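A quick write-up on the structure given underneath.
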Amino acid sequence: MKILALGAHPDDIEIFMFGTMAAYAAQGAELTFAVATDGARGGKSDPGVLARVRREEATAAAALLRAAPRFLDFPDGELVADAALIGALKALIRETGPDLVITHAPNDYHADHRALSDGVRIAASFRVPVVHADTMGGTGFSPTHYVDISVHRDIKTRAIRAHRSQGPEQYVDRARIQNEFRAGQCNGVPGSLAEAFRFDPSFPFADIRALLPPAPPLRPVTPNTNPVTQAG
């Protein structure tokens, strides 16, 4: 399989979908990590220096899974789903030939995320199905699919920490809490982690379950059959 992960900024793939990318890598999938903006506004240092540093950080994180990094270098904070972005995304999809594209949800918190989501939807068209990753904090997001990332927790943490310029510990904590919650939605065992996704079927793609790594294992809920003891 060929998987194309698209993030608006250099650390988005690591925060929202890296555990799933690690699961794909374990299956032998060919991964491409594409970053839409240069990340130059993600800090207070010189924008040119910061853009270079963030590219190096994203490259190091992608190398953890031997993923091919691609940088579209649109200006950070100014992304719009215009002809330039859609054209670049179409070219990328043609070149990489993915079986599945994963990107931001259309209602995510950052305007760049929303613009990229819109652009990907248009660029993918009839060529490839698109799956949306969880939003920050899960706000306004209704998952349709889950991927068990429990065994990939350490490499996801390493990938987030590769983005040293971004104060990564806050995102390590945010991701862990969110992934624990998503595993809990699946009645996962204590300590398990899951990443959540949403797929809205559109012709000709109706069912993408076979394209995703395994979800958390199902555990039945066993009712308590012990008689209730009345206090005297």
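The values are calculated or read from the model by the stated rules, or taken from the named source; none is laboratory data. All values derive from a computational prediction rather than experimental measurement. Reconstructed Cβ throughout: ideal geometry from the backbone, glycine too, with neighbour counts over all protein chains shown. Ligands, DNA and RNA are excluded from the accessible area calculation, which covers all protein heavy atoms including side chains. Shrake-Rupley method; radii C 1.70, N 1.55, O 1.52, S 1.80 Å.
To the nearest ten degrees, helix 111-124 and the longest principal axis of the Cα atoms of the chain are 80 degrees apart. Could you derive backbone 3J(HN,Hα) for the range 170-178 from the dihedral phi with the Karplus parameters 6.51, -1.76 and 1.60 (θ = phi - 60°), listing whole Hz in sequence and x where the residue is Gly or Pro? Once rounded to whole Hz, the list reads 5, 7, 4, 5, 4, 5, 4, 4, 5. Rg and Dmax of the range 4-110, based on Cα coordinates, read 13.5, 40 Å. Sorting MET1, MET136, MET17 by solvent-accessible area of protein heavy atoms yields MET1, MET136, MET17, largest first, with a 1.4 Å probe.
Would any residue of the range 131-174 have its amide N under 17 Å from a label point 7 Å out along Cα→Cβ of GLU56? List them or say none. Those under the cut-off are 161-168. Whenever you get a sec, compute what percent of the accessible area on the chain sits on carbon and sulfur atoms (1.4 Å probe). With neighbouring chains kept in place, the figure for the chain is 54 percent. Rg then Dmax, both in Å and based on the Cα atoms of the range 68-123: 10.9, 30.
If both residues of a DSSP beta bridge must be in the chain, then about 30% of such bridges are antiparallel. For the range 125-177, the Kirkwood hydrodynamic radius from C-alpha pairs, put into Stokes-Einstein at 25 °C and a viscosity of 0.890 mPa s, yields a diffusion coefficient of 185 µm² per second. Based on protein heavy atoms only, the chain ends up with 50 Å² per residue of surface accessible to a 1.4 Å probe. Counted residue by residue at 0.36 nm each, then reduced by the alpha carbon distance between them, the extension gain from ASP173 to ARG127 reaches 12.9 nm. Close amide H partners of ALA215, meaning residues 5 or more places away or on another chain with modelled amide H under 5 Å apart, are ASP148. Here the chain yields Rg over Rh of 1.03, to two decimals, using C-alpha coordinates and the Kirkwood radius.
The distance between label points at ALA63 and VAL49 comes to 2.2 nm (points 7 Å beyond Cα on the Cα→Cβ vector). Counting only Cβ charges, +1 for Lys and Arg and -1 for Asp and Glu, the dipole size of the chain around its Cα centre is about 360 debye.
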